């Protein structure tokens, strides 16, 4: 079975945020869609390993910030390549405001935000699917939304060459797994993607 067919899906990119008590957190996701119109509902699919997933499951609320083509790689690193269990991603982050639900949303390199109250949760194995009703929405700019393909072509740095190394490199963040055989259940410790997003070095 080809591991590359799933790469043909077209995705947007978002910062998904949540709040649990005094703790704010957010992560990068590419799996958000409008699920229904009446009532207006949105669904997001989140890796269970993400701290944001745990917070949404506990609180039943989340906010999406729609990233634009103005987003730089530092933003993806900040929200995608470190865990909120280890760092406070919003401690020195200036470009954010609180929505009516009390959850932070981004105000720079985004063109819209929506806040959602979860009404359904589905366990999909590695991910949880949250579906909920929109409680707030704002258009913030007219800059085009960034797609996964645009991110790969124009934002993500090109991977470094590893001419003498043996192993596998993550196509998402560049993490290198050293060794000839990549375990079938391996999850990238940096960006939390699975083996389908790794390719052999050399």
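The values are calculated or read from the model by the stated rules, or taken from the named source; none is laboratory data. Fair warning: this is a prediction, and the values are worked out from it, not measured in the lab. With ideal geometry, Cβ positions are generated from the backbone for all residues, glycine too; neighbour counts draw on all protein chains shown.
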* Structure fact -> residue 65: passes all of (1) in contact (Cβ under 8 Å) with a residue 60 or more places away in the chain; (2) over 20 Å from residue 196 (Cα atoms); (3) within 17 Å of the chain's Cα centre (by Cα) but (1)
* To do: For the stretch 48-61, indicate whether the set of residues that are touching a residue at least 24 places away in the same chain (Cβ under 8 Å) and within 21 Å of residue 145 (Cα to Cα) is non-empty.
  => no
* When residues of the stretch 39-56 are limited to those that are surrounded by fewer than 16 Cβ atoms within 10 Å (Cβ to Cβ) and not in a strand (DSSP E or B), the one modelled with the lowest pLDDT -> 49
* Could we say that residue 129 is surrounded by 14 or more Cβ atoms within 10 Å (Cβ to Cβ) and touching a helix residue (DSSP H, G or I) at 6+ places or on another chain (Cβ under 7 Å) here? -> no
* Determine whether the stretch 37-45 contains at least one residue that is in the same structural domain as residue 98 (by TED's automatic domain parsing), under 17 Å from residue 191 (Cα atoms) and within 9 Å of the chain's Cα centre (by Cα). => no
* Is one or more of the residues making up the stretch 100-115 more than 21 Å from residue 172 (Cα to Cα), more than 15 Å from the chain's Cα centre (by Cα) and loosely packed, with under 14 Cβ neighbours inside 10 Å? -> yes
* Asked: So which of 62, 76 ends up being in the same structural domain as residue 139 (by TED's automatic domain parsing), modelled with pLDDT under 95, surrounded by 20 or more Cβ atoms within 10 Å (Cβ to Cβ) and touching a strand residue (DSSP E or B) at 6+ places or on another chain (Cβ under 8 Å)?
  -> 76
* Which condition number does residue 36 fail, the rest of (1) in a helix (DSSP H, G or I); (2) modelled with pLDDT of 95 or more; (3) over 16 Å from residue 107 (Cα atoms) being met? -> (1)
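Among 150, 177, which is in contact (Cβ under 8 Å) with a residue 24 or more places away in the chain and not in a loop (DSSP other than H, G, I, E, B)?
Numbers: 177 fails: in contact (Cβ under 8 Å) with a residue 24 or more places away in the chain.
Going through 150, 177 in turn, the sole match is 150.
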